[in-house]
Amino acid sequence: MDAAPATRSPRRDPPGPGRGGTRPWAPVLGVLLVVAALTAGWSLIDAALGDRERVAAGTALELGPDGDAAVLRVVGHGWGLSKSSSDPDTAYALSRDGVGLAARYIGLTEAGDPGALWNGLRKVQSVADSGSRLGSARPLTGAGGAIGRSGRLTGGGRTGSATLWLPPGRGYAVEIIVLARPGAAPGAVADATAMAHGLTFPPGTT
């Protein structure tokens, strides 16, 4: 894959008591950041469906600052990467057979709790985008001790899922949206879901 030179995100020190402790508004801000990313994900997917550059199965796409990056690994053949909507290390938009996937790095001012973020996200999402609906979440556990949540997402005649990952001890989250048009290939939906649920993190994030 021919990709533009990566622009690495600046390293973020993990939050902790020595850095001011937990602020009462931090969970609210975290929810708003995630909502903004989720809402933006729709436009990323739309762009990916019309702007594609083939990316090979097994390609590793990094999300996050150098040394702490999460890795989204492409599952299956035939995926296209939208270069115009992808920003190396912060956002990727992929599409295949009527299925779109948008993955985004989200910097947080404080370490968040996945359950609290998800519950807040569900409440705010209908206001941020009245045409979409986010369902209840089921917990996920990922490599490196990452804690996740995933739930059904619908809107604009498309169905899919939103997945939120929080690596312990890191001041960021990764959000992945998968949306399928009516009649989309089931295999593409399965591969996209496998990518969203198979995000990996480097050692030392526990």
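The values are calculated or read from the model by the stated rules, or taken from the named source; none is laboratory data. These numbers were taken from a predicted model, which means no experiment stands behind them. Positions of Cβ are generated from backbone atoms using ideal geometry, with glycine treated the same way; all protein chains shown enter the neighbour counts. The accessibility values were calculated without ligands, DNA or RNA, using every heavy atom of the protein model including side chains. Shrake-Rupley method; radii C 1.70, N 1.55, O 1.52, S 1.80 Å.
Each row is one residue, and each column tells you yes or no for (1) open to solvent by 10 Å² or more (accessible area, probe 1.4 Å); (2) on the phi < 0 side of the Ramachandran plot; (3) modelled with pLDDT of 90 or more.
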residue	(1), (2), (3)
Asp97	yes, no, yes
Ala143	yes, yes, no
Gly156	yes, no, no
Gly171	no, yes, no
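Applying the set (1) at pLDDT 85 or above; (2) open to solvent by less than 50 Å² (accessible area, probe 1.4 Å) to Gly115 leaves exactly one unmet item: (1).
Considering the conditions (1) surrounded by fewer than 22 Cβ atoms within 10 Å (Cβ to Cβ); (2) touching a helix residue (DSSP H, G or I) at 6+ places or on another chain (Cβ under 7 Å), Ser161 is excluded by exactly one of them, (1).
Hey, could you check the range 62-90 for residues that are surrounded by 20 or more Cβ atoms within 10 Å (Cβ to Cβ) and out of contact with any Asp or Glu (no Cβ under 9 Å at 6 or more places or on another chain) and say which is modelled with the highest pLDDT? Here the answer is Ser86. For the range 173-206, filtered to residues that are assigned to a strand (DSSP E or B) and not acidic (Asp, Glu), the residue that is most open to solvent (accessible area, probe 1.4 Å) is Thr200.
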